[in-house]
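Student: Can you read through this structure? Questions will come right after.
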Amino acid sequence: MEKTRVNLPGNISLVDATRERWDMIVVGAGPAGAIAARETSRLGVRVLLVDASQFPRRKVCGCCLNGNALSALKAVGLEELPATLGGVPLTRVQLGTRQRTAQLSLRGISISRDAFDVGLIQEAMRAGVQFLPGVRAKLLECDTSCRWIQLNDVRVSANVVIAADGLNGRLAAQHEGFDVPAKSNARIGAGTILDRAPKQYEAGCIYMAAGQGGYVGLVRVEGGKLDLAAAFDSDFIRDQQSLGAAAEMILNEAGFPAIPGLREATWRGTPALTRKPERIAGERWFAVGDASGYVEPFTGEGMAWAMSGAAALAPLAVRAAQQWQPEMQREWERVHARIIGRRQRLCHIVARTLRSPMLCSLAVRAAGFWPNLAGPIIRALNQPGLK
């Protein structure tokens, strides 16, 4: 039974937030921001978590927590959270292309972002984090002891700021003068959640359909709803004239069951998916999660990277809040490369395979005959990330 979604109010007002000198301000209350805020608060610093949105909010996301993501949750003591929110255990992934399919084993949980984000924010608030939704943030200048940040039309100071404002995050770029460029051939993300879908899409399985213009992932989440998350070439979207039509074409190419009403569903899009910022740290700020770089995902890698990165950043961010040292910028770059970089390179290889109809078809055919061939890749994507 799906739990009733209720609005999640903050536990501090904007007026009260301006009266404080914060040890840390975290901008962005998705998985990266909520875990970074919670873990730094648990280590003894005063944390303000802000977001431009009200919660719950819908996000374009595959809604899958893979083994790596579950390990990250366990590392911070939240391994039971997805189940308490109605998450659906995952046991397999079914790949489809050119009317061929193959099934592989996969450990994970599917959970909608509107439920998961609220759950993580509530855990952060229980750890002492002050939460302020519905405010826009802009990074301002530093002085000798703090970084100033603008929240709506008022100024607030913090020893350190964490930019966790997502794929389209511009917090640091606004002030530091650098861009977060997308790759020239980066695909566009798109997603929707359907209340009803054909029964052939079973709970516990991720369905991945790959075609000439992109791929579509489908998975049941709490309440029996079907989440669809896709990555499309921009030219393919233009040719099909809508996101729903593009998804319909990919599913048909792969031989997956048609979904009534797919074109009429409410779709959301994202900016170009594959991005690499010029810097992920500066004077008294760090970037984490999608704001620190993103590669086309496969089975929940985005949330795994976000949570692993946030947990890894927390002790460094606390030291920075206590006494800032310029070399901490390089330290975060090294840690990020070790925790996240190798996994993103592996996911990039998988994404390139999905881009080639011939390679994808050969891979699905081989996996259908010899499922163990894909085992090393699945294990690498799912193994714990905090080392």
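The values are calculated or read from the model by the stated rules, or taken from the named source; none is laboratory data. Remember, it's a predicted structure, so these values are computed and weren't measured experimentally. Every residue, glycine as well, gets a Cβ built from its backbone with ideal geometry; the counts of neighbours run over all protein chains shown.
Student: Of all the strands (runs of 3 or more DSSP E) wholly in region 190-300, which have at least 1 residues that are of a type in the set (Phe, Trp, Tyr) and either surrounded by fewer than 21 Cβ atoms within 10 Å (Cβ to Cβ) or on the phi < 0 side of the Ramachandran plot (or both)?
Tutor: The qualifying strands (runs of 3 or more DSSP E) are 205-211, 214-220, 226-232, 285-287.
Student: Just to verify a result, which residue in region 162-174, among those that are outside any strand (DSSP E or B) and surrounded by 21 or more Cβ atoms within 10 Å (Cβ to Cβ), is modelled with the highest pLDDT?
Tutor: Per the stated criteria, the residue is Ala164.
Student: Also, I was wondering about something else. So, Glu222, is that one more than 30 Å from Trp324 (Cα to Cα), modelled with pLDDT of 95 or more and within 24 Å of the chain's Cα centre (by Cα) or not?
Tutor: Yes; evaluated as a whole, the condition is true for this residue.
Student: Here's another thing I want to ask about it. Hey, can you tell me all the residues within region 63-89 that are more than 29 Å from Val160 (Cα to Cα) and in contact with a Ser or Thr (Cβ under 7 Å, 6 or more places away or on another chain)?
Tutor: Across region 63-89, the qualifying residues are Cys63, Cys64, Asn66, Gly87, Val88.
Student: Now, a different point. Testing Ile193 on (1) more than 22 Å from Ala32 (Cα to Cα); (2) modelled with pLDDT under 95, one condition comes back false. Which one is that?
Tutor: With respect to (1) more than 22 Å from Ala32 (Cα to Cα); (2) modelled with pLDDT under 95, Ile193 is out only on (2).
Student: Sort out which residues of region 61-87 are surrounded by fewer than 22 Cβ atoms within 10 Å (Cβ to Cβ), hydrophobic (A, V, I, L, M, F, W, C) and touching a residue at least 40 places away in the same chain (Cβ under 8 Å), and write them in order of number.
Tutor: The answer is Ala75, Val76, Leu78, Leu81, Leu85.
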